[in-house]
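The values are calculated or read from the model by the stated rules, or taken from the named source; none is laboratory data. Everything numeric in this text was worked out from a predicted model, so none of it was measured. Cβ atoms come from the backbone with ideal geometry, glycine included; neighbour counts cover every protein chain shown.
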Amino acid sequence: MDEKYCASLVLSGVGDAIGYRNGRWEFQTNPKKIWEEYQEMGGIDYIKVDSKEWRVSDDTVMQLATSIAITRDNGDDFEKTCQEITTAYIRCLEDMGGRAPGRQTLESLAHFTPGMKKQLLKWDELPYAPAGGGCGAAMRSSCIGLKYWSPDAIGDLIRYSIESGRITHNHPVGFLGAMVAALFTSYAIQQVPPRQWGTKLMNEALPLAKQYIEETRKEPNRTWENYEKGWNYFVNAWTSYLELRKIPFGEQTTTESNYPEFPEEYNYMDRDKFYHSLSFDGWGGSSGHDSVLISYDALLGAGSSWKEMIERSAIHGGDNDSTGAIGCAWWGALYGFTGVPDINYQHLEYRRELYALAKALLAQRK
Ligand code: MG
């Protein structure tokens with residue numbers, strides 16, 4: 001289990017660093033260029049991920065911050081831990097040079113930073129954000145599923161992941177992305193087969209999330225009236241995806257049929273087109289819903305092949321560092337480092353810190 005915890009955090013960093021490629025790939029609008037450059041390197045077996053050519057981006061720096069906050073004092077005091085998470089997010093901004101942090105995150109954190117805005121807000125006072133559906137919450141929360149991993153801890157998983165998301169992304173598409181990133185990590189640790197994750201999300205987790213949102217209703221920023229449209233958007237996106245891949249849920253739930261179903265031809269260009277079609281504004285992976293959908297699609301298609309996982313999650317035109325970070329966190333939690341070339345992760349920036357935090361999360365897991 002030690003290895004899977006370490007692999008989840010470390011390989012998430014690797015997926016981030018490869019998708020990002022010091023900004024060159026994250027912001028490359030032509031997917032063909034990314035694919036060709038990747039092929040010219042000789043593919044994943046030849047990529048030495050180090051702290052110069054392949055720095056980690058904001059995704060990993062913020063994942064470190066979430067991990068630090070939820071392991072401090074064992075993180076059992078909910079209110080205090082949410083404050084810790086906020087503080088950790090503000091502090092980590094000092095390490096964002098050349099790492100391309102998100103606009104929504106920066107804007108939201110300014111509300112909690114003395115002197116930045118007219119009024120200093122508490123962690124749960126961020127105004128409802130109509131444009132807060134970005135992937136910035138999802139990309140940093142898979143570690144929550146390492147700590148709250150067991151079926152018995154699902155209540156904690158839901159509240160910590162939703163609140164860690166709402167700190168900066170007070171919009172259902174944003175914070176539900178955070179919940180799915182954490183939830184699927186916990187399923188991986190529980191060894192639930194990935195093909196069942198979508199079903200369990202729809203049948204078990206979303207009803208609990210809805211209940212939590214209702215219980216924590218607060219005027220005027222955290223109301224169902226604000227959330228309803230975004231909630232429906234997120235759920236509809238998942239519904240369409242699961243139907244497309246013939247993954248059953250609701251009344252159709254069965255474990256017997258032969259799913260998921262993929263197109264016969266599904267090369268990098270086909271995938272790119274599909275990822276694009278899932279997106280809100282044409283940039284696959286940049287929102288809370290499509291970041292986790294693309295990561296899930298990559299994982300289902302890759303199976304236990306690391307090479308496939310990297311190519312499907314991180315080598316595409318779009319928010320590929322975030323889909324790499326999220327998808328590879330799940331992959332690592334499922335398969336450990338099996339089949340991953342040493343050069344892909346032995347020299348990863350922050351590798352030692354990620355190992356140490358993985359061990360802390362394992363020691364405190366519930
Ligand atoms: Mg990034």
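Glu215 meets all of the listed conditions (1) within 23 Å of the chain's Cα centre (by Cα); (2) modelled with pLDDT of 95 or more; (3) of a type in the set (Asp, Glu) but one, namely (1). Would you confirm, using the coordinates I've provided, whether Arg351 is touching a Gly at 6+ places or on another chain (Cβ under 7 Å) and on the phi < 0 side of the Ramachandran plot? No, not satisfied.
Among the conditions (1) outside any loop (DSSP other than H, G, I, E, B); (2) more than 19 Å from the chain's Cα centre (by Cα), the only one that Ala333 does not satisfy is (2). When Glu79, Glu53, Glu84 are checked against the criterion of being without any contact (Cβ under 8 Å) to a residue 40 or more places away in the chain and closer than 23 Å to Ala358 by Cβ, Glu84 stands alone in meeting it. For first residues located in segment 272-291 and closer than 16 Å to Asn236 by Cβ, partners that are part of a loop (DSSP other than H, G, I, E, B) and polar (S, T, N, Q) and lie 6+ apart or on another chain with Cβ distances below 7 Å form the pairs Ser279/Ser286; Ser287/Ser279; Asp290/Ser279.
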